[in-house]
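Structure record follows, encoded as structure tokens.
The values are calculated or read from the model by the stated rules, or taken from the named source; none is laboratory data. Please read these numbers as outputs of a predicted model, since none were measured by experiment. Here the Cβ positions follow ideal geometry from the backbone for every residue, glycine too, while neighbour counts run over all protein chains shown. Side chains are part of the model used for accessible areas, which takes the heavy atoms of the whole protein and leaves out ligands, DNA and RNA. Shrake-Rupley method; radii C 1.70, N 1.55, O 1.52, S 1.80 Å.
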Amino acid sequence: MTVPQVFDPRLYGQGVPHDRYRLLRDHHPVAWQEEPEVLGWPEGPGFWAVARHADVVRVLKDSATYSSYLGATQIRDPDPADLPFIRRMMLNQDPPHHRRLRTLVSRAFTPGRIDRFATVVRERARALLTRAVTDARDGNGTCDLVAQVTDQYALLNLTDLLGVPDTDRALLLHWTRRVIGYQDPDESGTPVPGPDGKPLNPRSPSALRDMFDYAHDLAAHKRRHPADDVMTALATDPELTGPELEMFFFLLVIAGNDTVRSAAPGGLSLLAQHPQEYGRLCRGEAGTATAVDELLRRHPPVLTFRRTATQDTDLAGTRIRAGDKVVVLHASANHDERVFPSPFTLDLTRTPNPHVSFGDGPHVCLGAHFARLQLSALYEETCRVLPPGYFQLTGSPRYLVSNFINGVKSLPMTVAGG
């Protein structure tokens, strides 16, 4: 049987390739993938795709065998000259160094600080949804929930938490789209060539210089005018170096924004496509917490993460060599029939629900609590503003061309009269 190929970012512009993932899980749980030249980006050496839940969890938990540090965490190999720079980010480190950085940022990203945003987040969800519905009813009866609700919702919540001034908020969305959407021509345009003529990696030092300069300016402002926000906490932490501050800002701006920016429209799309389950949620027959986890399982914000084998090893009967790239497929693991009964059935009361949408092991998402808070508020307010029977999808969602982020570029919806 031919091994299904799941590398091409253009596949994901049509949605997650679940049919290919199913074949991988059933017949090729650890499968070699070619890495051809695509969309102007050069070919790579190939990698092992890990499709089953148990094997994905094993890779994510075993940082001694599957390293985030050796080759970083993106499928594409970084330029060797950029690798020392990329390794400064917490995401691209292994214990024990990773543990030190995670402890530092945890001081700022406390549950108490996040919980204080609960009221603001809920009010923002209600206001954005109400405005979108009003605009739709004043117009042609349709709205785009990505452009009018979820993009702004994720961005404004993050900038409040970080303490970014209102006048600078658009910068964060610009940086997120530039870094996350680099594979999508609609988001990035033609790849920008570097000095060697190859496409410039959007995560390279030169491409991120404007973001880092801003981070230092904002940190200096916070030292002069401290507030109860994450950037003040980071800027005034004596153990945090300047380069570490830069990389924390980069991580929080990109991952902190795009986790909710991707998950929220995916969840809303699922609710619109499953009116019976949406009705259960709105009537209180399904708890919000279990609903959020089920929607995250069906639409994980991150599609893949890469590790590099530190030694020769075996995974699901496949021989992995030291230095090989090993890539976990989150959406495949979340739909593994060996773990999730009827995995393509949306069940907002599903429990247990050991999805890997926020990862596992030492790199489990630091902002998971904040993301769940935002998603819970958004779905609850959607029930209030658009009760069952009041909205439906106008067309299919438009997905990001990316093998990394499960992004939704557009979610057209019709606001009905009930």
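Given +1 at the Cβ of Lys and Arg, -1 at the Cβ of Asp and Glu and no other charges, the dipole of the chain around its Cα centre is 660 debye to the nearest 20.
Packing order of peptides 71-81, 151-161, highest average first: 151-161, 71-81 (average count of other Cβ atoms within 10 Å over each peptide's residues). Magnitude of the charge dipole for segment 52-205, about its Cα centre and with charges confined to Cβ atoms of Lys, Arg (+1) and Asp, Glu (-1), is about 760 debye.
Rolling a 1.4 angstrom probe over the chain with all protein chains present gives an accessible area of which 53% lies on carbon and sulfur atoms.
Let me know the shape class of segment 299-356, please: from the alpha-carbon gyration tensor, a ≥ b ≥ c as square roots of the eigenvalues, rounded when a/c is under 1.5, otherwise prolate if a/b is greater than b/c, or oblate. Cα axes put segment 299-356 in the prolate bin. Can you check what the net charge comes to around THR349, using other residues whose Cβ is under 11 Å from the Cβ of THR349 (Lys, Arg +1; Asp, Glu -1)? Value of the local net charge: -3. Estimated from helical segments only, the mean residue ellipticity of the chain at 222 nm is -13500 deg cm²/dmol, where each DSSP H run of four or more residues counts as -39500 (n - 2.57).
For the pair segment 370-418 and segment 52-93, the centres of their Cα atoms are 32 angstrom apart. At a probe radius of 1.4 angstrom, the accessible area of the chain per residue rounds to 40 square angstrom. Among the GluC sites (Glu not before Pro) in segment 1-46, those located in a DSSP loop and surrounded by at most 11 other Cβ atoms within 10 Å of their own Cβ are GLU37, GLU43.
The protection proxy used here, the mean number of other Cβ atoms lying within 10 Å of each residue, ranks peptides 241-247, 338-344 as follows, highest first: 241-247, 338-344.
Each of (i) 4, 20, 24, 20, 15, 10, 5, 1, 0; (ii) 4, 22, 32, 27, 13, 2, 0; (iii) 5, 21, 28, 25, 15, 5, 1, 0 is a candidate for P(r) over Cα pairs in 10 Å bins from 0, in percent; the one calculated from this structure is (ii). A cysteine counts as unpartnered when no other cysteine's C-beta lies under 4.7 Å of its own; in the chain this applies to CYS143, CYS365. The Cα atoms of segment 1-105 give a gyration tensor whose axes a ≥ b ≥ c have a/c of 1.5 or more with a/b no greater than b/c, which makes the shape oblate. Span-like helix check, the chain: qualifying full DSSP H segments, with Cα axial length of 27 Å or more and mean Kyte-Doolittle of -1.0 or more, are 118-138, 242-273. Compute the Cα gyration tensor for segment 123-177, then decide on rounded, prolate or oblate, letting a ≥ b ≥ c be the square roots of its eigenvalues: rounded whenever a/c is under 1.5, prolate when a/b is larger than b/c in the other cases, and oblate in all that remain. Verdict is prolate for segment 123-177.
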